[in-house]
Amino acid sequence: MKVIVTAAGRGSRWSNFRGTQKHLAIVNNETLIHRTIGQFTPHSNDLVVIARDSFNIPAKVEAPLDGQWNDAAKLWSSNHLWSTTERNIIAFGDVWFSEKAVDTITSNTDPIQFFMRTGPSKITKKPYKEIFAIAFDGEKTEFVRNVLKQVIDENKSGAGAYLLFMKLNNLDQVPYRHHFDDKKSFVEVDDFTDDFDHPIDLIRWEKRFKVRRKIEQ
């Protein structure tokens, strides 16, 4: 199993909150990217981080491909590393993954699968849907690459991972309210797993996580 952790985004919405890049933020006493690497390493014989610098991490680091690919860049910038023989997992480096979410992602065997929250979080109260990771078999690599290239060529606005989700599932002309009718096209993840797009997302997450810890104690 090949795991690619993408951490090469510009983080414009993060605005260097707390004086650091988003994937280097300290979340619950751990650097976000270090936690993700530690979680996925036991499941992979080939883990690579896509980043513009190594920032002292215990994993192989590859520079991203550079180009004008809009928000699809975080996916396309790693496509030269996708395996055609092993299963691929692309995990986004600005996500805090629960252990349950990692187990769900690494144990899944569907040919192509998206791991996402389809609406506002019941746990963290973040008001948006999010895609946290994508997995696909090696024999599906060229197909996924070709579809992603179509997404790039169409140059539509929107999150690249979600545009890929729509294109792969023939949802381009389907009203949004029907995008999640087919439960086999994604795996719902709604726990403390979350993507911190803006500083307020992390602040809100920390408050709710602190409350949970007090309850558990």
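Each value in this text was obtained by applying a stated rule to the coordinates, not by laboratory testing. Model, not experiment: these values are computed from the prediction. Here the Cβ positions follow ideal geometry from the backbone for every residue, glycine too, while neighbour counts run over all protein chains shown.
Its residue count N sets the reference 2.2 N^0.38 Å, and the alpha-carbon radius of gyration of the chain equals 0.98 times that reference. Which whole-number percentage describes the relative contact order of the stretch 119-174, with Cα contacts under 8 Å and a sequence gap of 6 or more? The normalised contact order for the stretch 119-174 reaches 24 percent. Taking a straight Cα-Cα cut-off under 20 Å and skipping sequence neighbours fewer than 8 places away in the same chain, the lysines within cross-link reach of LYS74 are LYS2, LYS22, LYS60, LYS129, LYS140, LYS149, LYS156, LYS167.
Going highest first, how would you order 96-108, 200-212 by mean Cβ packing within 10 Å? Numbers along the way, then the final one.
On the way: 96-108: 17.5, 200-212: 15.2.
Final packing ranking: 96-108, 200-212.
Residues in the stretch 36-41 carry Karplus couplings, in order, of 4, 4, x, 6, 8, 3 Hz; the curve used is 6.51 cos²θ - 1.76 cosθ + 1.60 with θ = phi - 60°, and Gly or Pro positions show x. Can you give me the Cα centroid spacing of the stretch 91-108 and the stretch 1-72 in angstrom? Spelled out, the Cα-based centre of one part sits 14 Å from the other.
By DSSP, what percent of the beta bridges with both residues in the chain are antiparallel, rounded to the nearest 5?
Given both bridge residues lie in the chain, the antiparallel proportion sits at roughly 50 percent.
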